[in-house]
1. If you add up the charges near A45, with Lys and Arg at +1 and Asp and Glu at -1, over every other residue whose beta carbon is less than 12 angstrom from its beta carbon, what do you get?
2. For a label point 7 Å from the Cα of R112 along Cα→C-beta, name the residues of the stretch 48-85 whose backbone N is under 11 Å from it.
3. Over the chain, average the accessible area per residue using a 1.4 Å probe and give it in Å², no decimals.
4. Of the heavy-atom accessible surface of the stretch 80-125 (probe 1.4 angstrom), what whole percent is carbon and sulfur?
5. Which residue, chosen from I106, T190, L81, occupies the Cα position most advanced towards the positive end of the dipole of the chain, where the dipole is computed from +1 (Lys, Arg) and -1 (Asp, Glu) charges on Cβ about the Cα centre?
6. Debye calculation, C-alpha points only, no solvent: report log10 I(q)/I(0) for the stretch 67-122 at q = 0.15, 0.20, 0.26, 0.31 Å⁻¹, in the same order as the q values.
7. With each pseudo-label sitting 7 Å past Cα toward Cβ, what's the L172-E66 distance in nm, one decimal?
8. Dipole of the stretch 1-90, Cα-centred, from +1 at each Lys and Arg C-beta and -1 at each Asp and Glu C-beta, to the nearest 20 debye?
Amino acid sequence: MPKIVDRAERRREIAGALLRIVAREGVEAVSVRSVAGEAGVSAGAVQKYFSTKEDLFRFALDMTSEFLEQRWKTLDQSGNLLDLLLRLLTEAMPLDEQRRAEVIVINAFTARAAVRPSWAEFIRTGYDELAEITTEYISKAQSAGHVRDDLAASDLADAVLALSDGFANRMLTSADPAALLPSLETSVRTLLSPTRHRN
């Protein structure tokens, strides 16, 4: 009997190969041939599942969101919502090969989006969704008294996401990315702690 190939799984394997190449060698090393070699398939197989390299990058970008959501689901969800937010942010930092590849792919897409309207729309839609989720989370934390309520949740969400992006990018070039985690925590707590906890 002919072997049945799970198309969705094969696409994920190929996109995973791209992420591994990015983590080791950077975006410039990505080609149909290099991805095929990493995935253990022919170049023709890569092109069968992804018509263009841009399609492959877009699928890999979607996968980074899935990976992050999967990590979030494994976290302890109990306790203070500000503490939980810090744990959630830490999972988005490039502290290992997998997360490093995810951040690099996101940055690559963002850079290309500056000159490609269709990519800009894709990035903008994803960011808007993340901003909405973060705003809802912070609003919930405000109601629970875990986060300051003297500023709009949407403004705080934008600031948190900007901090997260900035620290993630700094960690990419740091000799010791984990050493920046205390600074990330200090920044987020300074921004979000209820006003009664401020000096």
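1. On the way: positive: R7, R10, R11, R33, K48; negative: E13.
Computed value for this residue: +4.
2. 52-61
3. On the way: 11070 Å² over 199 residues.
In whole numbers, the chain has 56 Å² accessible per residue.
4. Numbers: 1220 of 2120 Å².
C and S atoms contribute 58 percent here.
5. Selected residue: I106.
6. -0.57, -0.79, -0.96, -1.12
7. Taking the simple label geometry, L172 and E66 are separated by 2.3 nm.
8. Values: 14 positive and 13 negative charges, 69 e Å.
Result for the stretch 1-90 is approximately 320 debye, rounded to the nearest 20.
The values are calculated or read from the model by the stated rules, or taken from the named source; none is laboratory data. In this text, all values refer to a predicted model and were calculated from it rather than measured experimentally. No Cβ is skipped: glycine too gets one built from the backbone with ideal geometry, and neighbour counts run over all protein chains shown. Protein only, heavy atoms only, side chains kept; ligands, DNA and RNA dropped before computing areas. Shrake-Rupley method; radii C 1.70, N 1.55, O 1.52, S 1.80 Å.
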